[in-house]
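First comes the structure, then the notes that go with it.
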Amino acid sequence: MDRSDYNLAYLLRYENIAWYENGEVRILDRRIYPKKKSFVTCKTYLEVRDAIRDMVTQSAGPYTAAPMGIALAAWECKDLNKQQQIEYIKKAALEIADARPTTKAKMSAICQSCIPVAEMAMSEGKPVDIAIRNHVIESNNIRYNEIAKTAEYLVDMFPDDGKILTQCFAETILGMMLRECKNRGKNIKLFCPETRPYFQGARLTASVCSEMGFETTVITDNMPAYVMVNEKIDVFTCAADVIARDGYVFNKVGTSQIAIAAKYFGIPMFVTGSPDKYHITHDTVKIEMRNPDESLEAMGVRTAPINENIKGYYPAFDMTPPHLISGIVTSKGIFSPYDLNRYFK
């Protein structure tokens, strides 16, 4: 089977995101990459769910890990009768999709897509776990190819020697936009906020950008406004965990304050991703609140004093309103955030 992850960085290769084989799912532990290349091995689908919940993988990583977890569920129940197998797989799909609340709708659709694949494999007498894994690979191919189209529209917005500010780890679109820049000979420079408390920008985005041959500067999360002015940023771009159809964007917490600064300084903000058909309005999106103690430390090292009067606060995402956004970049083109219903037509 041809694959669409060619010429992409280590982090974006399918096997290095999450991979099912012989009754196990191996997930690259992004909490410690690139300091250490280590995989978490899951032997049950519940362990896959917990790995997603515990941030072993993040950004678009769960969209590969979750269905690989369904393949593992098929392995777990392979000695049951057909009806019991289907019920077990359906249960796994529900529980894995519930790992993180903000992206539950998208995760549910991905997990549910594995069920007819399982039913077909059973009817044809084929190994269900392998059929689901092949389905995941093909789904990834489709998704990567769609994102490659998105990258073409996004890179149209970059000057040839442009300075691009990112936020968090945009996963596939990051790799695709860099590949597209290489194809066009656009020698862009990247500025990556560190993205506390997990430092995805400093560890993951910077790794991918540098590995693919682009000059990359890591900045702290309180520097974007200064950098916009003094380094003459041309474009601010980020992906999105959810894009509601009324033009509100939900992404890693910190995105909205960068958007405010970009608007003030006249720097265009382009958000990549598809509008979410499950969220007609932004008030249906639930912001995930994570363990507040995580904001009191950095990479496992406590940074705040241990004192009962000191508390942490950690919303995983924030909401950026449409008036701060220059365009929503999709595989169908660039849309106004006020006109996203046209995307579905």
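The values are calculated or read from the model by the stated rules, or taken from the named source; none is laboratory data. Predicted model, so just to flag it, every value in this text is computed and none were measured. All Cβ positions, glycine included, derive from the backbone under ideal geometry; neighbour counts span all protein chains shown.
Here are the numbers for this structure:
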item	result
All positions within the range 1-15 that are assigned to a helix (DSSP H, G or I) and in contact (Cβ under 8 Å) with a residue 60 or more places away in the chain	10, 11, 12, 14
Residue 18 being small (Gly, Ala, Ser), more than 19 Å from residue 138 (Cα to Cα), crowded, with 18+ Cβ neighbours inside 10 Å and touching a residue at least 40 places away in the same chain (Cβ under 8 Å)	no
Scan of the range 140-167 for residues that are under 20 Å from residue 192 (Cα atoms), part of a helix (DSSP H, G or I) and aromatic (Phe, Trp, Tyr), ordered by number	none
Selected residue (criterion: surrounded by the most Cβ atoms within 10 Å (Cβ to Cβ)) from residues of the range 222-244 that are touching a strand residue (DSSP E or B) at 6+ places or on another chain (Cβ under 7 Å) and farther than 12 Å from residue 165 by Cβ	243
Single match in 17, 70 (criterion: in the same structural domain as residue 131 (by TED's automatic domain parsing) and within 17 Å of the chain's Cα centre (by Cα))	17
Test: residue in the range 267-276 that is among the small types (Gly, Ala, Ser), within 20 Å of residue 221 (Cα to Cα) and surrounded by 13 or more Cβ atoms within 10 Å (Cβ to Cβ)	no
Members of the range 117-152 found to be surrounded by 18 or more Cβ atoms within 10 Å (Cβ to Cβ) and closer than 14 Å to residue 186 by Cβ, listed by number	151
Candidate set: the range 108-142, residues that are acidic (Asp, Glu) and free of Cβ contacts under 8 Å to residues at least 40 places away in the same chain; chosen: the one farthest from residue 65 (Cα to Cα)	124
Filter result for residue 121 (of a type outside the set (D, E, K, R), assigned to a helix (DSSP H, G or I) and under 27 Å from the mean Cα position of the chain (by Cα))	no
Out of 25, 48, 40, sole residue that is buried (at least 22 other Cβ atoms within 10 Å of the Cβ) and not in a helix (DSSP H, G or I)	25
Every residue from the range 217-251 that is polar (S, T, N, Q) and not in a loop (DSSP other than H, G, I, E, B)	217, 230, 237, 251
Inter-residue pairs, beta-carbon under 7 Å, first at negative phi and outside any helix (DSSP H, G or I) and in the range 261-288, second crowded, with 21+ Cβ neighbours inside 10 Å and among the hydroxyl-bearing types (Ser, Thr, Tyr), 6+ apart	270/237; 272/150; 272/237; 274/330
Meets criteria (hydrophobic (A, V, I, L, M, F, W, C), in a strand (DSSP E or B) and in the same structural domain as residue 303 (by TED's automatic domain parsing)) for residue 214	no
Lone unmet requirement of (1) within 22 Å of residue 271 (Cβ to Cβ); (2) touching a helix residue (DSSP H, G or I) at 6+ places or on another chain (Cβ under 9 Å) for residue 207	(1)
Condition broken by residue 342, with the remaining ones in (1) more than 20 Å from residue 289 (Cα to Cα); (2) in contact with a Ser or Thr (Cβ under 9 Å, 6 or more places away or on another chain); (3) in contact (Cβ under 8 Å) with a residue 60 or more places away in the chain satisfied	(3)
